[in-house]
Amino acid sequence: VVAQYAACRLENMPAWLKFFWVPFYLLKCVLYLIVDSFNRSAFNTVFARDFRGLPSDPDAKAAMAATVYDAYLRRNIFPAAARTIAELKSDGFDVVLVTGSIDFLVAPLARDLGATEVIANTLEEKDGRFTGSLVGDGGSDEEKRARVLAYAEKRGVDLAAWRAFGDSIADVPMLECVGESFAVSPSAKLRTEATRRGWDVLEWTVDENGAEGNA
């Protein structure tokens with residue numbers, strides 16, 4: 001999510017300003033890593049402050065989303081993920097993108113992958129600008145579980161018949177909600193937890209020649 005933000009901020013930034021902004025933001029990222037290592041929901045809340053003061057009108061959102069998709073997200077889609085989503089849709093599954101990213105920034109990705117719905121963080125808006133706060137709690141850990149359960153109740157979904165895919169230990173509460181769970185190119189903590197619970201581990205890469213499948 002930090003890379004998404006950096007992509008849209010750097011797009012039209014003058015070279016002289018990048019010279020100062022990039023080193024400063026890299027230092028800021030160190031703080032984000034520390035916060036994230038303790039609590040991802042807290043990281044989401046702190047990170048939202050970076051958007052404070054930016055325009056929130058529909059045109060501005062669309063421009064930022066297009067930049068993020070073209071500069072970052074499109075080239076980082078796992079081919080195996082796209083194939084798996086296509087197979088799930090072919091088998092009659094709805095595909096719900098559950099992410100700690102900002103909702104409008106991942107909208108082009110959701111459309112490209114054919115996601116049925118997106119469950120993501122929403123930035124608070126006031127007078128045509130982002131306030132730097134999230135609407136509700138950051139979408140991670142137990143909050144991600146709560147949002148999935150709320151979605152299932154609203155749609156009348158039997159989660160026992162569903163599958164979930166995650167890459168972080170913060171995804172465990174969500175992965176526990178469904179009948180079949182997969183750890184995708186997981187962090188070390190999630191890999192350990194997946195092994196303990198007997199969840200399949202999928203090694204997906206952006207490179208088609210990379211390892212793919214169960215580990």
Inset, instruction - Any chance you could count how many residues in region 59-69 are among the charged types (D, E, K, R), farther than 17 Å from Gly132 by Cα and buried (at least 16 other Cβ atoms within 10 Å of the Cβ)? - result: 0
Inset, instruction - Starting from region 1-23, take each residue that is part of a helix (DSSP H, G or I) and list its partners that are among the β-branched types (Val, Ile, Thr), counting only C-beta distances under 7 angstrom and pairs at least six apart or across chains. - result: Gln4/Val68; Ala7/Thr67; Ala7/Val68; Cys8/Thr67; Cys8/Val68
Legend entry - Every residue from region 1-58 that is of a type in the set (Ser, Thr, Tyr) and either under 19 Å from Ala120 (Cβ atoms) or open to solvent by less than 40 Å² (accessible area, probe 1.4 Å) (or both): Tyr5, Tyr25, Tyr32, Ser41, Thr45, Ser56
Legend entry - For Leu97: the one exception among (1) surrounded by fewer than 18 Cβ atoms within 10 Å (Cβ to Cβ); (2) without any contact (Cβ under 8 Å) to a residue 24 or more places away in the chain; (3) within 20 Å of Gly114 (Cβ to Cβ); (4) not basic (Lys, Arg): (1)
Inset, instruction - Would you confirm whether any residue within region 30-39 is out of contact with any Leu (no Cβ under 7 Å at 6 or more places or on another chain), charged (D, E, K, R), without any contact (Cβ under 8 Å) to a residue 24 or more places away in the chain and closer than 21 Å to Ser168 by Cα? - result: yes
Inset, instruction - Could you check, for region 77-86, whether at least one of its residues is of a type in the set (Phe, Trp, Tyr), open to solvent by 50 Å² or more (accessible area, probe 1.4 Å) and without any contact (Cβ under 8 Å) to a residue 40 or more places away in the chain? - result: no
Inset, instruction - Considering each of Phe130, Phe104 in turn, give the residue that is modelled with pLDDT of 95 or more, part of a helix (DSSP H, G or I) and either open to solvent by 40 Å² or more (accessible area, probe 1.4 Å) or closer than 26 Å to Gly53 by Cβ (or both). - result: Phe104
Legend entry - From Arg49, Arg111, residue being in contact with a Gly (Cβ under 6 Å, 6 or more places away or on another chain) and in a helix (DSSP H, G or I): Arg49
Inset, instruction - Sort out which residues of region 161-186 are among the β-branched types (Val, Ile, Thr) and not in a loop (DSSP other than H, G, I, E, B), and write them in order of number. - result: Ile169, Val172, Val184
Inset, instruction - Output the number of residues of region 187-196 satisfying the condition of being assigned to a helix (DSSP H, G or I) and open to solvent by less than 90 Å² (accessible area, probe 1.4 Å). - result: 5
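Test of understanding: among Tyr72, Tyr151, which residue is under 29 Å from Leu202 (Cα atoms), open to solvent by less than 60 Å² (accessible area, probe 1.4 Å), in a helix (DSSP H, G or I) and among the aromatic types (Phe, Trp, Tyr)?
Values: Tyr72 fails: open to solvent by less than 60 Å² (accessible area, probe 1.4 Å).
One residue alone meets the criteria, Tyr151.
The values are calculated or read from the model by the stated rules, or taken from the named source; none is laboratory data. As the structure is a computational prediction, the values presented were derived from the model and not from experiment. Counting neighbours? That spans all protein chains shown, and the Cβs are built from the backbone with ideal geometry, glycine included. The accessibility values were calculated without ligands, DNA or RNA, using every heavy atom of the protein model including side chains. Shrake-Rupley method; radii C 1.70, N 1.55, O 1.52, S 1.80 Å.
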